[in-house]
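Chemist: Pasting in a structure now, in C-alpha cells, and then I'll have a few things to ask.
No value in this document is a laboratory result; all are computed from the given coordinates. Note that the structure is a prediction, hence the values are computed from the model and not measured. Please note: Cβ atoms are built from the backbone with ideal geometry, for glycine as well, and neighbour counts cover all protein chains shown.
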Amino acid sequence: AQTVTQSQPEMSVQEAETVTLSCTYDTSENNYYLFWYKQPPSRQMILVIRQEAYKQQNATENRFSVNFQKAAKSFSLKISDSQLGDTAMYFCAFISGAGSYQLTFGKGTKLSVIP
Amino acid sequence: DAGVIQSPRHEVTEMGQEVTLRCKPISGHNSLFWYRQTMMRGLELLIYFNNNVPIDDSGMPEDRFSAKMPNASFSTLKIQPSEPRDSAVYFCASRSGLSRDEQFFGPGTRLTVL
C-alpha cells in the first residue's frame with residue numbers, strides 16, 4: 001500500500017518570502033501521479049499543482065513549483081512571494097497510474113503567512 | 001460550470017437520527033467519491049462510484065453508512081442511526097475518469113452529531 005508523509009504539521013512564512021513544504025511517499029510502482037491540494041479556512045479543497053512521475057521536468061504554476069525527486073520519492077512544494085491568501089492546510093496526495101482511483105493523502109501541513 | 005455541489009453545508013443532529021448528505025457532481029464526470037475528514041484520521045475515502053455503480057465501498061465504516069447514486073447527476077450518503085463519532089466534514093468529489101485527472105471537491109458538509 002502506498003503511504004504519503006508530510007513531516008511538518010505547521011509552518012509559517014513572512015509575506016513575500018519563499019517557503020517549501022515537504023512530502024515523501026512510498027510506492028513500488030513506476031507510473032503514478034502526485035498532487036498538492038490547498039484547503040483554506042473555507043474548507044474547499046483546491047488543486048494547486050500536479051506532477052506526472054514519468055516527467056522529469058518539475059511542474060510549475062505561477063508562484064507554485066515542485067521539486068520532484070523520483071529516486072528519493074520526494075515531492076516538495078515551493079511557494080514564492082507568499083501572500084496572505086496562501087494561508088491554508090496543504091495536502092500532498094498520490095495516485096497510481098493505469099486507471100486507479102484511490103487518492104492517498106498525507107496528514108497535511110498548516111501554513112500561516114504572516115503580514 | 002458550478003463545480004461539485006453539496007448540501008447541506010452544515011448539519012447538526014442528535015444521536016440516533018438519520019442524516020442524508022447530497023452531492024451533485026460536475027456534468028460529464030463519470031467518477032464520484034465520498035470522503036470523510038477528521039482531525040484524527042485525515043481524509044479517508046468512504047466509497048467510489050464509476051458510471052453510477054459502487055466499485056469500492058471498503059472505506060464505509062459500518063452498516064450504519066450507505067451511499068447511492070441513482071443517476072449520473074446525484075448521489076447521497078446516509079447515516080442511520082447517527083452517532084457522535086460520525087461528526088466530521090464529508091466531501092464529495094468527482095473526476096472525469098483518468099487517474100491523472102484532478103478530483104474536483106465540493107465545499108463539504110460539516111456534520112455535528114450531539
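Chemist: To the nearest whole number, what is the average tally of beta carbon atoms from other chains within 10 Å of the beta carbons of peptide A:37-49?
Modeler: 4
Chemist: Considering the options A:TYR101, B:SER82, B:PHE65, tell which one lies farthest towards the positive end of the dipole of the protein assembly as shown, charges being +1 on Lys and Arg and -1 on Asp and Glu at the Cβ, about the Cα centre.
Modeler: A:TYR101
Chemist: Need one value for B:35-41: mean number of C-beta atoms belonging to other chains within 10 Å of its residues' C-beta atoms. Mind dumping the intermediate values first?
Modeler: Numbers: counts 3, 0, 7, 0, 2, 0, 1.
Neighbouring Cβ atoms belonging to other protein chains average 2 per residue here.
Chemist: Work out, step by step, the length gained on full extension between B:ARG85 and B:ASN71: first 0.36 nm times the residue separation, then minus their alpha carbon distance; give nm to one decimal.
Modeler: Going from the current span to full extension adds 2.0 nm.
Chemist: For the protein assembly as shown, give me the percentage of DSSP beta bridges that are antiparallel, rounded to the nearest 5 percent.
Modeler: For the protein assembly as shown, the DSSP antiparallel bridge percentage is about 90.
Chemist: To continue, here is another question. Could you give the dipole magnitude of the stretch A:1-112 about its Cα centre, charging the beta-carbon of Lys and Arg +1 and that of Asp and Glu -1, in debye to the nearest 20?
Modeler: Using Cβ point charges on Lys, Arg, Asp and Glu, the stretch A:1-112 gives about 200 debye.
Chemist: For the stretch A:5-115, max minus min Cα coordinate along each principal axis, in Å, sorted largest first?
Modeler: Taking max minus min along each principal axis of the Cα atoms, the stretch A:5-115 gives 43, 27, 23 Å.
Chemist: Taking the Cα centre of the stretch A:11-53 as origin, sum charge times position over the Cβ atoms of Lys and Arg (+1) and Asp and Glu (-1), and report the length of that vector in debye to the nearest 20.
Modeler: 220 debye
Chemist: Take every DSSP beta bridge with both residues inside chain B and express the antiparallel ones as a percent of the total, to the nearest 5.
Modeler: So the antiparallel bridges in chain B amount to around 90 percent.
Chemist: Using just the Cα positions, wrap chain B in a convex hull and report its mean projected area in square nanometres, one decimal place.
Modeler: 6.6 nm²
Chemist: Counting pairs of Cα atoms in the stretch A:60-109, how many percent are more than 14 Å apart?
Modeler: 64 percent
Chemist: Something else now. Counting every Cα pair in the protein assembly as shown, what percent are over 29 Å apart?
Modeler: Summing the P(r) of the protein assembly as shown above 29 Å gives 29 percent of all pairs.
Chemist: Here is a further query. Hand me the trypsin sites (Lys or Arg not before Pro) from the stretch B:12-57 located in a DSSP loop with no more than 14 other Cβ atoms within 10 Å, in residue order please.
Modeler: Answer in residue order: B:ARG41.
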